[in-house]
Amino acid sequence: MTAMERGYEEQAIQAGSKQELEQIEIELLLSGVHRLYGYDFRNYALPSLKRRIWHHVHAENVPSISALQEKVLHDRACFERFVYSLSIPVTEMFRDPGLFLTFRQKVVPLLRTYPYIRIWHAGCSTGEEVYSMAIMLHEEGLYDKARIYATDMNARSLQQAKEGVYEIGKMKQYTKNYLEAGGTRAFSEYYTAKYNSVILQPYLRKNIIFAEHNLATDTSFNEFNVIFCRNVMIYFNDELRDHVHGLFHESLSRFGVLVLGSKESIHFTKYSDSYEALDRVEKIYRKNK
């Protein structure tokens, strides 16, 4: 073996040792968070999880994942920042307008036949999607007989969702989304501007129940006619994804509707035969057994 070859071999060994150490540190961090706080990130997809953890290492100005673990386990405020960074609160009102337009056209007529409507927004983040649903149901004359359950594991995101206060600079995009989603009024009717923020009208909150719920560890808590869970399971590994699909299947009523994100699918799960596609493009499925 030449000196150059030995050098490459040593580099490979060092890289392997570094990766193994990183894996051990991540496992210890997530195990500690689960045992102490009850939050289970152990079955999140590793590549995105690793990026988020290292981002938080730098944000907390600590030298390693082990140092982050010590800080997270001994500092509640640090733990809360850690959970917030891992829950990835990215959303907007009427995000993917085509989905909401299709829902209005294909699902709302089904909801009209129900005496009472229960909808679960799982992983609701800061609430924009939930209020979008409330606005749509209001315009369709269905909101008074609906109850929307908005859940997330992130307490900080839920608090913002409860307040219904958003940046005024986002309203131009939200208005565009609303109109493309089939909105029938002036979007400005649904909020009041105050300084650099807008406050959504209080009547939009009257039939919404906000609550903490962790898809990884918590169980079903009601039977629903519709479940929205969009762009959440892309961060889960196969095991956790199957678990969540089982939770949704258990929670949906017969002929209930499941709405997934654009990069998600019911296919390749053991529940794929339990649904029919109402719209394959927009990932809207109806439970048939």
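The values are calculated or read from the model by the stated rules, or taken from the named source; none is laboratory data. In this text the structure is predicted, and so the values were computed from the model without any measurement. Please note: Cβ atoms are built from the backbone with ideal geometry, for glycine as well, and neighbour counts cover all protein chains shown. We work out accessible area using only protein heavy atoms, side chains counted, and drop any ligands, DNA or RNA first. Shrake-Rupley method; radii C 1.70, N 1.55, O 1.52, S 1.80 Å.
Things worth noting here:
- Compared with the dominant principal axis of the Cα atoms in the chain, helix 238-251 is inclined by about 20°.
- Dipole magnitude for the chain: about 1060 debye, using +1 per Lys or Arg Cβ and -1 per Asp or Glu Cβ, origin at the Cα centre.
- Inter-part distance where the stretch 131-208 and the stretch 15-53 are each reduced to a Cα centre, Å: 36
- Cβ-Cβ FRET estimate between Ala211 and Ser64, R0 fixed at 30 Å, reported to 0.05: 0.25
- Value of [θ]222 nm, deg cm²/dmol, for the chain, DSSP H segments ≥ 4, -39500 (n - 2.57) each, nearest 500: -14500 deg cm²/dmol
- Measuring r between the beta carbons of Arg76 and Lys18 and using R0 = 25 Å, the FRET efficiency lands at 0.20.
- Between helix 76-87 and the chain: long-axis angle, C-alpha atoms, 0 to 90°, nearest 10: 70
- In this Cβ point-charge picture (+1 for Lys and Arg, -1 for Asp and Glu), the stretch 151-191 has a dipole of about 80 debye about its Cα centre.
- Assigned charges on the beta-carbon of Lys, Arg, Asp, Glu; the stretch 24-127 dipole about Cα centre (debye): 540
- Largest accessible area first, the residues Tyr191, Tyr116 order themselves as Tyr116, Tyr191 under a 1.4 Å probe with ligands, DNA and RNA left out.
- Computed from Cα atoms, the angle from the helix 65-74 axis to the main principal axis of the chain rounds to 60 degrees.
- Across the protein chains, with a 1.4 Å probe defining accessible surface, the residues Thr126, Thr217, Thr91, Thr113 rank Thr113, Thr217, Thr91, Thr126 from largest area downward.
- Here the accessible area of the stretch 165-289 is 49 percent carbon and sulfur, with a 1.4 angstrom probe and all protein chains present.
- Full extension of the chain between Arg254 and Tyr84 gives 57.7 nm of extra length, using 0.36 nm per residue less the Cα-Cα distance.
- DSSP bridge analysis restricted to the chain gives an antiparallel fraction near 45%, rounded to the nearest 5.
- Largest-first ellipsoid semi-axes for the stretch 140-289, taking √(5λ) over the Cα gyration tensor eigenvalues, angstrom: 30, 18, 16
- For Val107, Val90, Val232, the ranking by accessible surface with the largest value first comes to Val90, Val232, Val107, using a 1.4 Å probe.
- Farthest toward the positive end of the dipole of the chain, out of His34, Ala277, Phe79, is the Cα of Ala277, where the dipole comes from beta carbon charges about the Cα centre.
- Placing pseudo-labels 7 Å out from each Cα toward the beta carbon at Leu142 and Arg51 gives an inter-label distance of 3.5 nm.
- Per residue accessible area of the chain, 1.4 Å probe, in Å²: 50
- Label selected from (1) 6, 25, 30, 21, 11, 4, 2, 0; (2) 5, 19, 23, 22, 16, 10, 4, 1, 0, 0; (3) 6, 27, 38, 24, 4, 0, the criterion being P(r) over Cα pairs in 10 Å bins from 0, in percent as computed here: (1)
- Here the simple spin-label model places points 7 Å from the Cα toward Cβ, and for Asp273 and Ser220 these points are separated by 1.9 nm.
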